[in-house]
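So that we are looking at the same thing, I have put the structure below in structure tokens.
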Amino acid sequence: MKQDIKSMTLPQLEGAMEELGEKKFRAKQIFQWLGRGAECFEDMTNLSKQFRQKLDENFYLYAPQVVRRQESQRDGTMKYLWRLRDGNCVETVLMQYRYGNTVCVSTEVGCAMGCAFCASTQGGLVRRLTAGEILDQVIFTQKDSGKKISRIVLMGIGEPLDNFDAVMQFLELVNHPDGVGISMRHISLSTCGLAERIDKLASLHLQLTLSVSLHAPDDETRSKIMPVNRKYNVQRLMESCRKYYQETGRRISFEYAMIRGVNDTPRHAEMLIRQTRGMDAHVNMIPLNHVEGSSLVPSTKEDIRRFQQQLEQAGITATVRRSLGGDIDASCGQLRKKQLQQEEQG
Ligand code: SAH
């Protein structure tokens, strides 16, 4: 069986070269080619033809294919739908901010978490991505768009902490100076709240930004919209968040999708203030993106403003996320969902 070369870290690749009876420095050459988006071993022109053939016999190298590319006419946001080696599709979004180009990557094909408001989870989890497949989204979005990427958010399809090992491996790959070379401080990881995995992440002391999709400050509301809350309730989750903050010194950003009449009342704001007190939290409010077939709708502008003011008066920084790419289904899961519907219809 051929091995997946793109998921290999540099030390792993060095080990593999030794096994093949090759010089260790070859690993670095290959690693650099992979980081630049080489699509096949033939591309690696500073390696001998014989050696390239040997690589081809031992490893596979696959580049994801663009199924769709959409560009927002409003803000330049680009959305890619990629076809993977086994035919599955995932989405990547490229957002252009003043402080640099940010890419939002998927970590799984589908998602098992079942959040009521999310399009990504509607067909369940199909499979987890490999480290190389997550990395490919960064490399090939950069290559195809010609835009240098300086920040990464793990906020696409899937639950990153449900695919823990591959995601950690991806972070090592994308962070490496001989690869794409993006610093941990420019990477955000978002989780629906797998508390034990947050504890595990804390113990690694990475300098990335942790985002927690809280969306409700009490068990009654949260369990209704996020099944994960029945396993790790709000109190258990907040314990892990506090521990994470104490251990890493990194402030946590709480995601809060504003859903009309569900989680946006003054009582909810009050409970949210109590939950996040004393941990230098940042609340990121997102007007709910309406998903087809769902009865959940976004809060009104007035309610969002009122909620934000209530948090700020209590000393909690709260921002309302600017919505990009609204004209191209740029929120996670929407494009893949459309593609699946089309494929079903033949
Ligand atoms: N599984 C991870 C990361 C993927 S989702 C997580 O749950 O954090 C990225 C963010 O988008 C999460 O905060 C998620 O709750 C939010 N989200 C999903 N569907 C949404 C919708 N329809 N409107 C607004 N935010 C949504």
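The values are calculated or read from the model by the stated rules, or taken from the named source; none is laboratory data. Not measured: the values here are computed from a predicted model. Cβ: placed from backbone, ideal geometry, glycine included. Neighbour counts: every protein chain shown. The protein model used for the area step is the full one, side chains on, heavy atoms only, and it has no ligands, DNA or RNA in it. Shrake-Rupley method; radii C 1.70, N 1.55, O 1.52, S 1.80 Å.
Of all accessible surface on region 145-185 at a 1.4 Å probe, what whole percent is carbon and sulfur?
On the way: 660 of 1460 Å².
Reported share for carbon and sulfur atoms: 45 percent.
While we're here: Considering only protein heavy atoms and a probe of 1.4 Å, how much of the accessible area of region 42-90 is carbon and sulfur, as a whole percent?
Values: 1030 of 2710 Å².
About 38 percent, which is the carbon plus sulfur part of the accessible surface.
Need one number: convex hull volume per residue for region 85-175, Cα atoms only, in Å³. Before the final figure, lay out the partial values.
On the way: hull volume 9.1 nm³, N = 91.
For region 85-175, the hull spanned by Cα atoms encloses 100 Å³ per residue.
On C-alpha positions alone, give me the angle between the axis of helix 195-204 and the longest principal axis of the chain, in degrees, nearest 10.
With rounding to tens, the tilt is 50 degrees.
Next question. By the scheme Lys and Arg +1, Asp and Glu -1, what is the net charge of all other residues having a beta-carbon under 11 Å from that of Lys49? Before the final figure, lay out each step's value.
Values: positive: Arg52, Lys54; negative: Glu42, Asp56.
Taking every other residue near Lys49 into account, the sum is 0.
Working from the alpha-carbon coordinates of the chain, get Rg over Rh, Rh being the Kirkwood radius. Write down the numbers at each step before the final one.
On the way: Rg = 21.1 Å, Rh = 21.2 Å.
Here Rg/Rh amounts to 0.99.
Express as a percent, rounded to the nearest 5, the fraction of DSSP beta bridges in the chain (both residues included) that run antiparallel. Intermediate results must be reported in sequence, preceding the final value.
Details: 21 of 47 bridges.
Beta bridges within the chain, antiparallel portion: roughly 45 percent.
Can you give me the relative contact order of region 160-299 as a percent, contacts being Cα pairs under 8 Å and 6 or more apart? Before the final figure, lay out the partial values.
Numbers: 199 pairs, mean separation 29.3, N = 140.
RCO, region 160-299: 21 percent.
Which angle from 0 to 90°, rounded to the nearest 10, does the C-alpha axis of helix 334-345 make with the longest principal axis of the chain?
70 degrees
Could you state the angle between the C-alpha long axis of helix 234-248 and the longest principal axis of the C-alpha atoms of the chain, as a value from 0 to 90 degrees rounded to the nearest 10?
50 degrees
Net charge around Arg236, counting only other residues with Cβ within less than 13 Å of its Cβ (Lys, Arg = +1; Asp, Glu = -1)? Before the final figure, lay out the partial values.
On the way: positive: Arg197, Arg222, Arg230, Lys231, Arg242, Lys243; negative: Glu196, Asp199, Asp219, Glu239.
Here the charged neighbours net out to +2.
Still on this model: Rank these by accessible area, largest first, 1.4 Å probe: Tyr256, Tyr60, Tyr99.
Details: Tyr256 0, Tyr60 60, Tyr99 135 Å².
Reading off the accessible areas and sorting them downward yields Tyr99, Tyr60, Tyr256.
A follow-up question, please. Keeping all protein chains in place, calculate the accessible area per residue for the chain (probe 1.4 angstrom), answer in Å².
Numbers: 15770 Å² over 346 residues.
Roughly 46 Å² per residue, with all protein chains present.
Shifting gears a bit: From largest accessible area down, sort Glu159, Glu14; use a 1.4 Å probe on the protein chains. Walk me through the numbers on the way to the answer.
Working: Glu159 5, Glu14 45 Å².
Sorted by accessible area, descending: Glu14, Glu159.
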